[in-house]
1. Being among the hydroxyl-bearing types (Ser, Thr, Tyr) and closer than 30 Å to residue 126 by Cβ: is that true of residue 53 here?
2. Yes or no: region 34-46 includes at least one residue that is part of a loop (DSSP other than H, G, I, E, B) and either modelled with pLDDT of 90 or more or farther than 30 Å from residue 98 by Cβ (or both).
3. Looking at this structure, is residue 189 more than 21 Å from residue 133 (Cβ to Cβ) and modelled with pLDDT under 90?
4. Regarding residue 128, is this residue at pLDDT below 90, surrounded by 14 or more Cβ atoms within 10 Å (Cβ to Cβ) and out of contact with any Gly (no Cβ under 7 Å at 6 or more places or on another chain)?
5. Go through 114, 205 for me and flag whichever is at pLDDT 90 or above, in contact with a Leu (Cβ under 9 Å, 6 or more places away or on another chain) and either closer than 24 Å to residue 15 by Cα or not in a loop (DSSP other than H, G, I, E, B) (or both).
6. Looking only at region 195-204, which residues are within 22 Å of residue 39 (Cα to Cα) and buried (at least 19 other Cβ atoms within 10 Å of the Cβ)?
7. Condition first: of a type in the set (Ser, Thr, Tyr) and at positive phi. Now tell me which residues in region 34-87 satisfy that.
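The values are calculated or read from the model by the stated rules, or taken from the named source; none is laboratory data. These numbers come from a predicted model, not from an experiment. Please note: Cβ atoms are built from the backbone with ideal geometry, for glycine as well, and neighbour counts cover all protein chains shown.
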Amino acid sequence: MPTLDVTNLDNEKVGTISLSDDVFGRPAHDGIIWEVVKCQMARRRNSTASTKTRAMVSATGKKPFKQKRTGRARQGTEVAPHQRGGGVAFGPHPHSFTYRVPRKVQRLALCTALSDQVRGAQLRVVKDFVLAEIKTKRLSEVLKRMGLQKALLVDDKDNVKLKLSVRNLPRVTFRPVEGLNLVDLLKYENLLISESSVKRLEGELKS
């Protein structure tokens, strides 16, 4: 059972916390992480390539030339795919790249990533993220005191002061504990999470 120090915003140790092996003590499993990341990135992918079929091309319905005695192959329309300016056959159209992986696999991948951060000393627990006011400078000083430059901050979604204080820090992002995802965990070097969020994660990911 991993045990981590709990600090306050002044980077002073105020206690310890024992983490669940089911969430923070999983062995490494790169295959599952790869599969879930690929699924999440596919959901974010935009499909914008589009071509017009013969039904979408605006053109006259007149027959290009008479049926017989021209020495050419007969043609009935100018919007056929083989005609210049005609529709495209089997061209790309906007569609969704989304697919799903089982929820059990998604939870396992998240637990594996959290466990990797515990082993790499990239996960830090703070007692709480109580800020007196919305102040980016104050939060920047807190992170500098902890030696963090690129970090993901996780707390309750109702912590508006923390959410707004993070906005102007280019290498720091806030995520509510409900919105914690695998892509963000891998993108940021460090995870700074409140003690209450740790307990909530354990309750949700163990179920």
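1. Against the criterion (among the hydroxyl-bearing types (Ser, Thr, Tyr) and closer than 30 Å to residue 126 by Cβ), residue 53 does not qualify.
2. yes
3. yes
4. On the way: at pLDDT below 90: yes; surrounded by 14 or more Cβ atoms within 10 Å (Cβ to Cβ): yes; out of contact with any Gly (no Cβ under 7 Å at 6 or more places or on another chain): yes.
Yes.
5. Every option except 114 fails the conditions.
6. Initially, region 195-204 is screened for residues within 22 Å of residue 39 (Cα to Cα), giving 201, 204.
Across region 195-204, the qualifying residue is only 201.
7. Matches in region 34-87: none.
Residue by residue, here is whether (1) of a type outside the set (S, T, N, Q); (2) out of contact with any His (no Cβ under 7 Å at 6 or more places or on another chain); (3) assigned by TED's automatic domain parsing to the domain that holds residue 114 holds:
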residue: 7; (1), (2), (3): no, yes, yes
residue: 10; (1), (2), (3): yes, yes, yes
residue: 34; (1), (2), (3): yes, yes, yes
residue: 58; (1), (2), (3): no, yes, no
residue: 63; (1), (2), (3): yes, yes, no
